[in-house]
Structure formats: structure tokens, C-alpha cells
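Report on the structure given below.
The values are calculated or read from the model by the stated rules, or taken from the named source; none is laboratory data. Not measured: the values here are computed from a predicted model. In this analysis, Cβ positions are derived from the backbone assuming ideal geometry, glycine residues included, and neighbour counts consider all displayed protein chains. Calculation scope for accessible area: heavy atoms of the full protein, side chains included, ligands and nucleic acids excluded. Shrake-Rupley method; radii C 1.70, N 1.55, O 1.52, S 1.80 Å.
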Amino acid sequence: MIIRESKGLTFDDVLLIPKRSSVTSRGDVDTSSWLTPRICLRVPVISANMDTVTEAEMAIAMARAGGLGILHRFMTIEQQVRQVQRVKRAEGLMVENPYAINQKATIQEAKKQMKSYDVGGLVITNGGDELIGLITQRDVLFAPDVNAPISSVMTRPDQIISVRPGIAPEEARRVLHENRLEKLPVIDENGRFVGLITAQDLIKHEQHPHASKDERGRLRVGAAIGVQAHDLDRAGALLDAGADVLVLDIAHGHADHCIRMVQTLRTNYPKAQIIAGNVASADGARDLAEAGADAIKVGIGPGSICTTRIVTGFGVPQLTAILDSVQGVRSAGLETPVIADGGIRTSGDMVKALAAGASTVMIGSLFAGCEEAPGSPVIRDGQKVKVVRGMASLGAAISRKEREREAPDESAENPEDWDKVVPEGVEAVVPYRGHVREILYQMVGGLRSGLSYGGAKNIRELQTHAEFIQITPAGIRESSHHDVRKI
Ligand code: XMP
């Protein structure tokens, strides 16, 4: 039996020793970092694939702020695909394949579709690539007969003002203004309809200059999948819908079936970006990296809602888990990025995780209180709060059971035996925290300051210069505000 003697450390056990710095302004530092070898984020933060944290709304807000959201997987493939599509359509100079409606549909049906897709207009095509009409909210809002066909109110081809592909944003802006339009179809030189530019998209394009975007100018988004055979279908559907990265979501990622899944995905989808985890050891991180994962997610039990360590006795304090995992990957001669997942409560925790070698951090509970997280706030003891729950909590298991009842998943090989759930997570409430961009602003501000204290212009330099010092409980007490009453 091995008993490792060196202590397992977590964020509160250490501080970083300040280094000589040439940084004169917090604005001079670069906070960007690699999520995977092909995805660089200006803000090295991703939101957790938890059903109380990341659905489309959170993913959109995260990408706009320069981070990225990972959609949870506890929904049908179709629902998850739809969430990816929502993010992909949220921004971008031109929407490709905008939502279309048949010209025989009624005004009522058009209204319903616009509401369900949350869009202000629909295109009418001939089923191929010819545009035969355009219908917007304005056309249907006060229509006296909602059972009339949309052809009676739509804008007809001879009235449509269109532009050519490749138009510059400023030019699109001018055409929209001069003609007082909100939607501008893009039609190529052969008369083929290729997409739609909307006034809203142009505005968003200008409002979020640092957003995380793909090569087609759409917001980036990740999506979680499981490791069973039917998850390959899910992976294919998510990638087809435009997901930028897949996250293999499994509590104990250092497992043969997880390694096999990484290898299978690598073979079937050579270009896909794949994050695998979770692990908390050098061996675990190395095995997943060698299997072909593009990033390794690290964290067994550090999360605020996790009880894995209590229930199973397994886990590694998070700072040590990060240090070990990075060392495991590097010892195999690989540069695979490591994601520190769980236990991040402050910007200081994030700086420590990055200094220890993580390239990005994943955050759950801190974001669960945000406006963009699923669910509405409630008042508890006079305070506005939102619910957060571990994905291995009893509540999450019961929800999965209900969903399974409503829409049995024929492809699932091992449906959970719901009556015998052993929870490894809890349900809780967190204070309502407003918009996630405000929290990220504070986190990035802390990171910028942290880089300056570390004598570093970027995260790579922070890691190179990092020197941790272990502290005592007295040191921890001294680190927070003390001997004053906080107001
Ligand atoms: P934070 O601390 O940011 O952690 O809320 C988020 C991470 O916690 C993990 N997670 C769980 N771990 N039981 C666990 O042991 C659970 O029920 C559970 N749910 C989420 C997950 O890695 C997440 O990103």
C-alpha cells in the first residue's frame, strides 16, 4: 500500500509570491489562453455543463464576453442540437440557413414559429435556394385575419432589397439604414439565396468585439456528451450543428470506456476538438492525452456541490490535482491544455489554478446565480437566490427520471436504475448575482492584477514565474478581511 507523504494542497493552502514586474498598467496584460489547441479564448473561463448553469442563454453570454459555455447533456439529442443552433444563430454578420416557413402556412403559424424560434422574421424559399418571400413581426403583428396565408402579407421577391455575399459590415449598415430595413437577404450572382443579415446581428457584432467566435463569425459553444455507444450519434449531431468542442462528461474519466470513447471519437471525427475528464492524477491526465484528447478536465470532488470525496473516499485537493495532471501530460511530451474544473470561488482561486499550469478554468456554482443560468430566481429568507445542484445529486437524478418517462430514450443501453441512486452531489441555493458578464468583468480584473503581481504579461509567463508558498490557518485568516465588521 502506498501512502503519499507530500500534502495534497488546495487553493486556500497557498499564496503566490509577488514577483518583480515590468507591467505598468493592468490593461497591458494579455489574458487569452488555449482551451484546446484550436480554440483560443480571450477570457480563460468556461461555464460548467450543469443543468443549473449552462443552456443556450448562458453559452451566448459567455461567448460574447470572451469565454465559452458547455451545454449540459441532460436533454434529448434534438433539444441539445437546438441549443447549439440557438448559440450559433445568436450572432454573426450573416445567418446561414435562417428559419424558413412554407408559403402555404397561415399568419398564425408564422407567428407561432417566430415565437418558438425567438426570431423576428422568417424566410420563404421554394424548398431549394430560391427566395420567394420574407415575413417579419411587423407583417403579422396586427394582421386582421390570422388564418390568411402568409403570401398575403409577406414581402415579395420584386420588393426585396438584397445584397451580395462578402458585403462589409459598414456597407450592410448603410443599405439597412437607407432603406429603413431590419433584414437583408444575401443572394449570390447566380440568384441563390445564401443567408440573411439582420440589424440586430450588426448591432451585436459591434457591441461584443472580444467575443469568442468561430471562423464563420458565429459565437463558439461546447456541448457535453456521455461515453456510451449511443453518444456517438449525439456527438455527430452536435458537430453537424456546429458545436466547436465536445466534452466527454464522466465523473471518473480515468476509465477504460472513457479512453476508448476518446479514441473512437478521434477516429470518427479527426477534426473535432475533444475535452475529456474528469481526472485528478498524473496517470489519468496522461492516459487521456495519449488517447487523443485535446484538453483534459481536472477535478474530482472540489466542486461546491460535490460530495464524491465524502461518499467514495476518493479525490485529490484541487491545486495538487492540477499540478500533478499538468506534470503527467508534460512527462509524456505533450502540450495538451488542462482545464481546472471545480472549487473556483474568487478571481484569486482562478489565478492560482492558472499559475499551477491550467490553461483555463471551469466554473459552476459561481455562475448558477446569474440571470443567464437556467431557472428563475426565488426569494428565500428575504434574499433573491437561484438553485444550483450537482449533476449527481438526488434532484438531478429525479429530473432525469421524469424526462426519461416523458421521452424514453430508445438508444440508451443502460438506463439508470432510478430507485437505487447513490447521490454524489447536493442541491443548494446561491445568491442571485445579476449578469454573468459582470462577474466575468470582476474575474478578469482580478486576473489582470494577478498577472501584474506575478511579473507576467500573459498566462504562460505567470506559469513560468509562479512560486507558491504554503500558508497556515493563521495565514488564511490574515488573507481575508479581519478585525473589521464588513458592511
Ligand atoms: P463549482 O465549484 O464551480 O464546481 O460549482 C463545478 C464542477 O463540479 C462538478 N460537479 C459535481 N461533482 N458531484 C460531484 O462530485 C456532483 O453532483 C457534481 N455536479 C457537478 C463538475 O465537474 C462541475 O464542473
Worksheet entry | Among the residues listed as VAL421, VAL436, the single one being modelled with pLDDT of 95 or more and either under 21 Å from GLY27 (Cα atoms) or within 16 Å of the ligand (Cβ to nearest atom) (or both) | VAL436
Item to complete: Tell me which residues, restricted to the range 302-320, are in contact (Cβ under 8 Å) with a residue 60 or more places away in the chain, within 12 Å of the ligand (Cβ to nearest atom) and among the aliphatic types (A, V, I, L, M).
Response: ILE305, VAL311
Practice prompt. Could you name every one of the strands (runs of 3 or more DSSP E) located completely within the range 331-388 that has at least 1 residues being farther than 13 Å from LEU447 by Cβ and at pLDDT below 95?
Written response: 378-380
Fill in: Sole residue being under 19 Å from LEU15 (Cα atoms), among the hydroxyl-bearing types (Ser, Thr, Tyr) and modelled with pLDDT of 95 or more, chosen from TYR453, TYR441
TYR453
Worksheet entry | The one condition in (1) surrounded by fewer than 22 Cβ atoms within 10 Å (Cβ to Cβ); (2) touching an Asp or Glu at 6+ places or on another chain (Cβ under 8 Å) that GLY343 fails to fulfil | (1)
Discussion item. Going by what's in this entry, would PHE367 be described as of a type in the set (Phe, Trp, Tyr) and open to solvent by 20 Å² or more (accessible area, probe 1.4 Å)?
Written reply: no
Worksheet, complete the sentence: Residue pairs qualifying under the 7 Å Cβ cut-off, at least six apart or on distinct chains, with the first in the range 426-451 being at positive phi and the second being open to solvent by 20 Å² or more (accessible area, probe 1.4 Å), are GLY434/GLU371
Response to the item:
Of the candidates ILE459, ILE471, the one satisfying the condition of being modelled with pLDDT of 95 or more and open to solvent by 30 Å² or more (accessible area, probe 1.4 Å) is ILE471
Practice prompt. Identify the single condition in (1) within 14 Å of the ligand (Cβ to nearest atom); (2) in contact with a Ser or Thr (Cβ under 6 Å, 6 or more places away or on another chain) that PRO337 does not satisfy, given that it satisfies every other one.
Written response: (1)
Item to complete: Give the range 263-290 a look and list any residue that's more than 16 Å from the ligand (Cβ to nearest atom), closer than 15 Å to PRO37 by Cβ and hydrophobic (A, V, I, L, M, F, W, C), or say none.
Response: ALA272, ILE274, ALA289
Response to the item:
For strands (runs of 3 or more DSSP E) lying entirely in the range 151-227, having 1 or more residues that are surrounded by 18 or more Cβ atoms within 10 Å (Cβ to Cβ) and outside the structural domain of ALA63 (by TED's automatic domain parsing) picks out 183-187, 193-198
